[in-house]
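Structure, as structure tokens:
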Amino acid sequence: MFDHRVLPLLKRITLPLAQQLVKMQVRADHVTLAGFVVGVLACVAVVFSQFWLALALLLLNRLADGIDGELARLQEPTDSGAYLDIVLDFLFYNGFVVAFILLQPEANAIAGAVLMLSFVGTGISFLAFATLAAKRGISNPRYPSKSMYYLGGLTEGTETIIVFALFCLLPHYFAILAYCFAALCFITTAMRIVGGYQTLRAD
């Protein structure tokens, strides 16, 4: 919902960093992999109740996610890089939820499972449409720099990171936050299914 407003602001940070990395001959895939490792460490920090560390690593992971995209555009975007980026992003998102389930299984397991199910909905509706949009040459003018059709909704990257940050700041409220965010994700899934179906039918 807010990505189209936040991404231009984030670009002011990520682009200069990417330009420096280009000079150092760092590839976008290297940053993607490094960011994923940082994300895994964030999950480990949650399991050991190191929430401030988890928050810092979470933000660093998301910074890497912004930098790798800028790097790819400065160098040469590749399908393999886009594939690696999206797969590792979805693994990290679900892994972060699993970490809170492992932290307190009795309190968080059901809420975490519901949230992960909602991620399945948002992820499948996003990727299935992106695949068919690429096949038909449909692009989203709102996100021209994205490597695949970026189908928006109530819960995009910005909202997800805000909620993940709240998980770290308010770990005892994980279940409530997870249920609320899952509800928004299910609404997003429904919006994407309807919007995607109508777009493909009309094209």
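The values are calculated or read from the model by the stated rules, or taken from the named source; none is laboratory data. These figures come from a predicted structure and were not determined experimentally. Positions of Cβ are backbone-derived with ideal geometry, glycine not excepted, and every protein chain shown enters the neighbour counts. Heavy atoms of the whole protein, side chains included, go into the accessibility calculation; ligands, DNA and RNA do not. Shrake-Rupley method; radii C 1.70, N 1.55, O 1.52, S 1.80 Å.
Observations on the model:
- In the range 111-128, the residues that are touching a residue at least 24 places away in the same chain (Cβ under 8 Å) and open to solvent by less than 20 Å² (accessible area, probe 1.4 Å) reach residues that are β-branched (Val, Ile, Thr) and not in a helix (DSSP H, G or I) with C-beta atoms within less than 9 angstrom, at least six apart or across chains, in these pairs: Ser118/Thr155; Thr122/Thr155.
- Selection status of Glu76, open to solvent by 40 Å² or more (accessible area, probe 1.4 Å) and not in a helix (DSSP H, G or I): yes
- Any hit, the range 33-46, residues being touching a helix residue (DSSP H, G or I) at 6+ places or on another chain (Cβ under 8 Å), surrounded by fewer than 17 Cβ atoms within 10 Å (Cβ to Cβ), at pLDDT below 95 and not charged (D, E, K, R): no
- If the condition is being of a type in the set (Val, Ile, Thr), open to solvent by 20 Å² or more (accessible area, probe 1.4 Å) and at pLDDT 95 or above, then the range 87-104 contributes Val98, Ile101.
- Among the candidates Leu84, Leu71, residue that is part of a helix (DSSP H, G or I), at pLDDT below 95 and farther than 29 Å from Gly195 by Cα: Leu71
- Criterion (farther than 17 Å from Cys168 by Cβ and of a type in the set (A, V, I, L, M)) met by exactly one of Leu57, Leu21: Leu21
- Reported count of residues in the range 50-69, each being open to solvent by 60 Å² or more (accessible area, probe 1.4 Å) and touching a helix residue (DSSP H, G or I) at 6+ places or on another chain (Cβ under 7 Å), is 2.
- Selected residue [under 18 Å from Phe90 (Cβ atoms), at pLDDT 80 or above and more than 13 Å from the chain's Cα centre (by Cα)] from Phe164, Phe174, Phe181: Phe181
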